[in-house]
Amino acid sequence: MYSWLYSIEEKIMNQQKIKWDKKYILIVFIGLCLVITFLIFNNREKSNTLIFEGSPEYIKKSDEQKKQLTIGVTNPPQESKSYLGQDQTSRLTKRLVYEPIVYIKKDLSIEFMLADKIIFSKDGLEAKVELNKKAKFSNGDVVNAETVKKSYLELNKTTSQYSQKDICKTIKGMEDYQLGKNNDISGIIIDNEYELTFQFNSCSILNIQGLSIPIFKTVENSKWAIGTGEYAFEKYSHNKSIELKKNLYKHTSKYAFEKIIIKGTSTIERKNEVDKFNLDICEVSLTSHINDIKEAKYHNVYEVNDAFHLNYLEFNLNDKVGENKDIRKTIYYSINKSDLKQGFDKNERMNNCQLSSLNNEKSLETYDLDIAKKAYHNVKNIKEIEYYTLGDTVSALRYDMMNKNLKEVGLNLKKTSQYDATLRYTTHQLTSPILDFEESIMNSSLKESYQTFIQSSYQNNCQNILKDFEDYCHNEYVTVPISTVAYGLAISSDVDQDSVRDLMINS
């Protein structure tokens, strides 16, 4: 009897074991599928930016080389007062040595540096800035409201060679000070040791940009002005290099290097420097001069979109046709960027419709004939769009492609040599084009609604103001971003990739 019971129990146990075995196999199978899916998507994401992967096994650095980061730039340092310029060396030095009140990255995000808090008034015409009381210059001196204002006075005086004076003109009294009419800037008021009030002429995105100039201090017995950044000047060789050392009074750290060297490196010199492991970072063309980097086998090469080189279609918002939002929307969704590729140069990439141009998506389209036709259905008595064009071959080819696109919705593109036409193709370089867009908006029928929007944005969170402005431009179809220029960023595989990429891309 008992053996019979044991036999039944054994069968039940075996059946349960089989069920659990099947469950276990199913769980393992699902797990493997998830891992494979993750790897596929992870590699796909990497492939959008990482175009060549190097290996640290090919690196043979000395102990001294391991402690430093060497950045190669096309144009060697020309000025020890690097906070004055806007070339690559100056931008890198300002990022590492001379911190501003706020730092504006090329993706239009805003980072508080010397500011602990910024509160804008409801009308956007005033900003109260509370400084970080822990911030210190590289000699140990504290940063206070007086030293901040001194930087504004020094950089904006009549004889100053500071390259970005224009972004400060929105501050009250600044233009008269820059012209030498006044000895003070009336719109910068010192409230107490660590607080200042900035007053502005109008509510503009320039107001936040006016808080982004480098803050520095000149001291006796020092060859260079000092800053509050993670590094300080150690050596300057004209037309050759700048050497930076750690700021011992900076308590937060992004970079592990004891020293950073920024030096001019020509294409001819590059291979020799790479072979000697004297070049951790450099920018290279994607169509030439990249083989020296690949042959060394130890650099990762990323494809990066140049945030300061944007090609776009610009609407004349003062034009009777251009001020029609449905017309702008029709054109926005009618343009097939893939058709325009024939006019691109080898380094151009289709823009992802972000004004900041930093996203590396290569083929994100806004082409949608259904949306375009619905928008055009709301338009009355407009059959033709005037388009400013030059007489060169590429412009003619671009015109033909765009005209073909617009005819799909019933619009005709008419060539004209008048620059104030409804539509024109524009190339913007060296700086962000967003200031041009704001000026166009402020001179149009959008001005009143835009002012309400910008005031609200400053109130909600001034750190998002430029991102909000970017969204506003898209929502109002102020422009149609077309393409941007891509370049290769080579980074030695033995250094922290994320922090160094951020330094290079956002400086």
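Of the residues Asp191, Asp166, only one is part of a helix (DSSP H, G or I) and either over 17 Å from Arg91 (Cα atoms) or not β-branched (Val, Ile, Thr) (or both); which? Even if it seems obvious, please write down each step before you answer.
On the way: Asp191 fails: part of a helix (DSSP H, G or I).
Asp166 is the lone residue from the list that is part of a helix (DSSP H, G or I) and either over 17 Å from Arg91 (Cα atoms) or not β-branched (Val, Ile, Thr) (or both).
Within region 374-401, can you find the residues that are of a type in the set (D, E, K, R) and in a helix (DSSP H, G or I)?
At the first step, the residues of region 374-401 found to be of a type in the set (D, E, K, R) are 374, 380, 383-384, 386, 392, 398, 400.
Hits for region 374-401 are Lys374, Arg398, Asp400.
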Write out, first by first residue and then by second, each pair whose Cβ atoms fall under 6 Å of each other, whose residues are 6+ apart or on separate chains, and whose first residue, in region 389-415, is under 13 Å from Leu340 (Cβ atoms) while the second is of a type in the set (A, V, I, L, M, F, W, C) and part of a loop (DSSP other than H, G, I, E, B).
Asn405/Ile335
From the list Ser417, Ser444, exactly one residue is of a type outside the set (D, E, K, R), more than 23 Å from the chain's Cα centre (by Cα) and within 18 Å of Asp326 (Cα to Cα). Which is it?
Ser444
Taking the condition of being farther than 28 Å from Ile331 by Cα and either without any contact (Cβ under 8 Å) to a residue 40 or more places away in the chain or in contact with a His (Cβ under 7 Å, 6 or more places away or on another chain) (or both), how many residues in region 458-483 meet it?
2
The condition from (1) touching a helix residue (DSSP H, G or I) at 6+ places or on another chain (Cβ under 7 Å); (2) closer than 29 Å to Asn378 by Cα that Cys462 misses is numbered (2)
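Grab the helices (runs of 4 or more DSSP H) fully contained in region 251-353, keeping just those with 2 or more residues being out of contact with any Lys or Arg (no Cβ under 7 Å at 6 or more places or on another chain) and either at pLDDT 90 or above or not assigned by TED's automatic domain parsing to the domain that holds Asp400 (or both). Break it down stepwise before answering.
Numbers: elements: 267-275, 291-296, 325-334, 337-340.
Ranges flagged: 267-275, 291-296, 325-334.
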Do we find a residue being surrounded by fewer than 20 Cβ atoms within 10 Å (Cβ to Cβ), under 25 Å from Ser253 (Cα atoms) and hydroxyl-bearing (Ser, Thr, Tyr) anywhere in region 91-105?
no
Is it the case that Ile118 is farther than 29 Å from His251 by Cβ and crowded, with 18+ Cβ neighbours inside 10 Å?
no
Candidate set from region 234-279 (those that are loosely packed, with under 14 Cβ neighbours inside 10 Å and polar (S, T, N, Q)); member that is nearest to His299 (Cα to Cα)
Asn272
Every residue in region 121-133 that is buried (at least 20 other Cβ atoms within 10 Å of the Cβ) and assigned to a loop (DSSP other than H, G, I, E, B), please.
Gly124, Leu125
Any idea how many residues of region 280-321 are out of contact with any Leu (no Cβ under 7 Å at 6 or more places or on another chain), surrounded by 18 or more Cβ atoms within 10 Å (Cβ to Cβ) and among the small types (Gly, Ala, Ser)?
1
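Of all residues in region 134-158, count the ones that are part of a loop (DSSP other than H, G, I, E, B) and either closer than 25 Å to Lys223 by Cβ or modelled with pLDDT of 95 or more (or both). Even if it seems obvious, please write down each step before you answer.
Applying the first criterion (part of a loop (DSSP other than H, G, I, E, B)) to region 134-158 yields 134-135, 137-141, 143-144, 157-158.
Add one more test, that the residue is either closer than 25 Å to Lys223 by Cβ or modelled with pLDDT of 95 or more (or both), and what stays is 135, 137-141, 143-144, 157-158.
Count: 10.
The values are calculated or read from the model by the stated rules, or taken from the named source; none is laboratory data. All values derive from a computational prediction rather than experimental measurement. As a convention, Cβ positions derive from the backbone with ideal geometry for all residues, glycine included, and neighbour counts pool all protein chains shown.
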